[in-house]
Each structure stands twice: as C-alpha cells, then as structure tokens.
Amino acid sequence: MTNAMGVAQGARAEAEPAMELVPALERLFSRRLPARTGQDISHLRARLGTGNSMFRKSTCLDKPRPFNPDFNDGGEDVWFLRELVQEKDIPLIWCAEASVDEIVPSDRMSSDYLKRRLFKNGQLRCRIERGSRGLPGTARVASWMVIGTLQVVFYGLASQLCRPFSTEKMTDFDLRAAGGLGKLLWWR
C-alpha cells in the first residue's frame, strides 16, 4: 500500500514532495525489503535502522549504554545493529507484516536535505565498517570506497546526460552520487 508520496506503508508525507524527489524519498523512507517473514536479514545490517524493531533486553540491551554516543549526530542504531550481528552473533529477523507509522516532515522533502542525508549515509557506511578492527574491517571500508567511486562516476555522468531530457532522472542520479561521495569522504 502506498500513499501520495509513493512510499511504502508506514511512511506518510506531511506535504506533497516535488516529483523529482520521490524515487530518493521512497528509497530512504521505505520499509520494503526483499525478505519474507522469519528470514534472517543480518547481511543487510548496514542498511537498517532500529525503527519499529523489537529487542530482547537481556540479550540485546545488556549494556548500560547500548547506543554508542560517538554517533549522536546519526548512525547510533546502525552501529548498534553491527554490534549485535558481528560482536554478539545475534541474527536480525524480518517481519513483513509489522506495521510502521512514520510521518515524514516537509523539511525532509527538499533536494538539499536529501543530498546532506545521503552524503551522511554514505559516510556512515564506512565509519561503521571502520569499527570492525583488522583486515576485515579495512577491506569492508575499502570496498565501500570503491562502490562510492563507481557511484560518483556513474551517477554523476548519468545525471549530466539526463540534464537536457529529464529533471526527475537528473535529480535522482545527483542524489545517488551524493551518497557515493559520502563513501569517498567518510572521514570528514
């Protein structure tokens, strides 16, 4: 079920967004995953947050401060999920029938906001993986940086090619490139 914004059930827009922003808004606020109820989605942990999640306190929230304060500007939930999966070997199980009700404020439906948010999300991918010490963590950061490079090049070029023909495609590719740039400049 979708609303006027086209976002999956649960995310509702306060105001109608510009059409060229709809694809990015759907990716950002959608609650759709390619998973069935009961499926382990731990491999998607870098793309998940804790909204509308349930945790067994004795197992998952067993520290006085389960959320890392180094991520107070965003990403503390992604770090938390990384710890559950990688440090505690706790699987993340999907429930497709779970209901989510989220209002997306109108100030989050601008190109500027989306560029900042997607850039920061790109940075977050690498910052989280940097927390995995040793060669595996370094390799994951390097792979995200390679992906970011490809995104900047491919989506940046695609944006320019679409500029004369489609504002929607140009904007969507610009926003995707912003996420790639965040992966390249993750330490800033």
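The values are calculated or read from the model by the stated rules, or taken from the named source; none is laboratory data. Note that this is a predicted model, so its numbers are computed, not measured. Positions of Cβ are generated from backbone atoms using ideal geometry, with glycine treated the same way; all protein chains shown enter the neighbour counts. In case anyone asks, the SASA skips ligands and DNA or RNA and just uses the protein heavy atoms, side chains included. Shrake-Rupley method; radii C 1.70, N 1.55, O 1.52, S 1.80 Å.
Taking the centroid of alpha carbons for each part, region 47-126 and region 153-188 are 24 Å apart. Extending 7 Å from Cα along the Cβ direction at S111 and again at E97 yields two label points whose distance is 4.4 nm.
Taking the Cα atoms of the chain, the ratio Rg/Rh between the radius of gyration and the Kirkwood radius comes to 0.98. Give the residue list of GluC sites (Glu not before Pro) in region 1-108 that are DSSP loop and have at most 10 other beta-carbon atoms within 10 angstrom. Those that pass, being in a loop and sparsely packed, are E97. For region 133-182, the set of trypsin sites (Lys or Arg not before Pro) satisfying both a DSSP loop assignment and a count of at most 15 other C-beta atoms within 10 Å is given as R133. The H on the amide N of A11, modeled in the peptide plane, is under 5 Å from the matching H of E102, each at least 5 residues off or on a different chain.
With protein chains left intact and a 1.4 Å probe, residues in region 114-155 average 57 Å² of accessible area per residue.
What pairs from K63/K88; K88/K120; K57/K88 go past 21 Å between their alpha carbons? From the list (K63/K88; K88/K120; K57/K88), the Cα-Cα distance tops 21 Å for K88/K120. The mean sequence distance of close C-alpha pairs (under 8 Å, at least 6 residues apart), as a share of the length of the chain, puts its relative contact order at 25 percent.
Taking a Cβ cut-off of under 13 Å around D62, the surrounding Lys, Arg, Asp and Glu residues balance to a net charge of +3, with basic ones at +1 and acidic ones at -1.
In this rough spin-label picture, where each label sits 7 Å from Cα along the Cβ direction, the T37-D70 distance is 3.9 nm. Nearest 0.05, what FRET efficiency do I90 and A142 give at R0 = 25 Å with Cβ-Cβ as r? Here the calculated transfer efficiency is 0.40. Taking a virtual spin label 7 Å from the Cα of T149 along the C-beta vector, which residues in region 170-188 bring their backbone nitrogen under 20 Å of it? Residues passing the 20 Å test: 176-188.
Under the membrane-span-like helix rule (DSSP H runs whose alpha carbons stretch at least 18 Å along the helix axis, mean Kyte-Doolittle hydropathy -0.5 or higher), the chain yields 134-162, 167-184. For region 28-77, trypsin sites (Lys or Arg not before Pro) meeting the loop criterion (DSSP other than H, G, I, E, B) and having at most 11 other Cβ atoms within 10 Å: R36, R56.
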